[in-house]
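*Asks:* Can you read through this structure? Questions will come right after.
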Amino acid sequence: MFQLIKKNILQKSNIQDHEMDRFTKMLKTEYLNKNDFFVKQGEYAKKIAFVNKGLLLAYTLNDKGNRRVAQIALDGYWTTDLFSFYSGKPSLFTIQAQEDCELFVLNKSSFNDVCSSILGIEKFFRLLAEEAYVYALNRIVNAYDKNALERYQALLQEQANINQRVKQKDIASYLGIEPQSLSRIINSKL
């Protein structure tokens, strides 16, 4: 049941089997149906989730009601509104299931307990937060320095099958381009 999350953790941190068992016992399994919310903008993100199966989008809505996608969380990804989760302030993003999802979840209290009692897990989450920060900065730089085609190609290198699971308009939003531009890019590659 926990093969994917164990693999995910062991890629960044060495922990003993008994520590992994202790950690997995603290996880709660949650199921979201397509279109259910993990957290809504303005609410408090009180838990962090590992996507064992499914797809979630973290987004804001612009003044026209269009989504501005900040994160695409596929199988094997962690998700929450980190700003809200760490600061205790209202969430900046809505996180919504785009497919039926199976999540392994830690609430904030369990997260703090596991990080203070299992050094390898604390290291893992510290590295995960560092990677999220570096990735966010890289996305900002790429938005300035790379054209739409280059950003799309980079996304395909990360997630080759993303077109089969994520709506084209959401991919375009994530890349910071208009859906029509992404459509032209995709059609020109055929």
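None of the figures in this text is laboratory data; all of them are computed from the coordinates on show. Predicted model, so just to flag it, every value in this text is computed and none were measured. Every residue, glycine among them, receives a Cβ derived from its backbone with ideal geometry; neighbour counts consider all protein chains shown.
*Asks:* After finding the eigenvalues of the alpha carbon gyration tensor for the range 98-190, what semi-axes result from the square roots of 5 times each, listed largest first in whole Å?
*Replies:* Semi-axes, largest first: 34, 17, 10 Å.
*Asks:* Quick test of the membrane-span-like rule: which DSSP H helices of the chain reach at least 27 Å along their long axis (C-alpha atoms) with mean Kyte hydropathy at least -1.0?
*Replies:* Qualifying helices: 119-145.
*Asks:* When a footprinting reagent is the concern and you count Cβ atoms within 10 Å, what order do Thr60, Thr94 take, fewest first?
*Replies:* Thr60, Thr94
*Asks:* Another question, if that's okay. Roughly what percent of Cα-Cα pairs across the range 38-118 reach past 15 Å?
*Replies:* Looking at the range 38-118, the distances longer than 15 Å represent 56 percent of pairs.
*Asks:* With only Lys, Arg, Asp and Glu charged, each at its Cβ (+1 for the first two, -1 for the last two), find how big the charge dipole of the chain is about the Cα centre; round to the nearest 20 debye.
*Replies:* Result for the chain is approximately 300 debye, rounded to the nearest 20.
*Asks:* If you stretched the chain out fully between Asn147 and Asn35, how much longer would it get, using 0.36 nm times the residue separation minus the C-alpha to C-alpha distance?
*Replies:* Working it through step by step, the gained length comes to 37.2 nm.
*Asks:* When the C-alpha atoms of the range 41-80 are aligned to their principal axes, what extent does each axis show, in angstrom, from largest down?
*Replies:* Result, largest extent first: 33, 20, 11 Å.
*Asks:* If I histogram all Cα-Cα distances within the range 1-80 using bins 5 Å wide from 0, what percent of pairs lands in each bin?
*Replies:* Percent of pairs per bin, in order: 3, 12, 21, 23, 16, 11, 7, 4, 2, 1, 0.
*Asks:* For the range 73-124, report the translational diffusion coefficient in µm²/s to the nearest whole number, using Stokes-Einstein at 4 °C, 1.567 mPa s, and a Kirkwood Rh over Cα pairs.
*Replies:* Approximately 102 µm²/s, per Stokes-Einstein.
*Asks:* Same structure again: Cα centroids of the range 125-164 and the range 20-49: how far apart, whole angstrom?
*Replies:* Cα centroid of the range 125-164 versus Cα centroid of the range 20-49: 24 Å apart.
*Asks:* Averaged across orientations, what area in nm² does the convex hull of the alpha carbons in the chain project?
*Replies:* Over every viewing direction, the Cα hull of the chain projects on average to 11.2 nm².
*Asks:* Quick one: if the Förster radius is 25 Å, what FRET efficiency do Tyr133 and Met1 give, using the C-beta to C-beta distance and rounding to 0.05?
*Replies:* For R0 = 25 Å, the calculated efficiency reads 0.25.
*Asks:* Right, something else. Share of antiparallel DSSP beta bridges in the chain, in percent to the nearest 5?
*Replies:* In the chain, DSSP labels about 100 percent of beta bridges as antiparallel.
*Asks:* Sort largest first and round to whole Å: the equivalent ellipsoid semi-axes of the range 93-149, each the square root of five times a Cα gyration tensor eigenvalue.
*Replies:* Gyration-tensor ellipsoid for the range 93-149: 29, 19, 9 Å.
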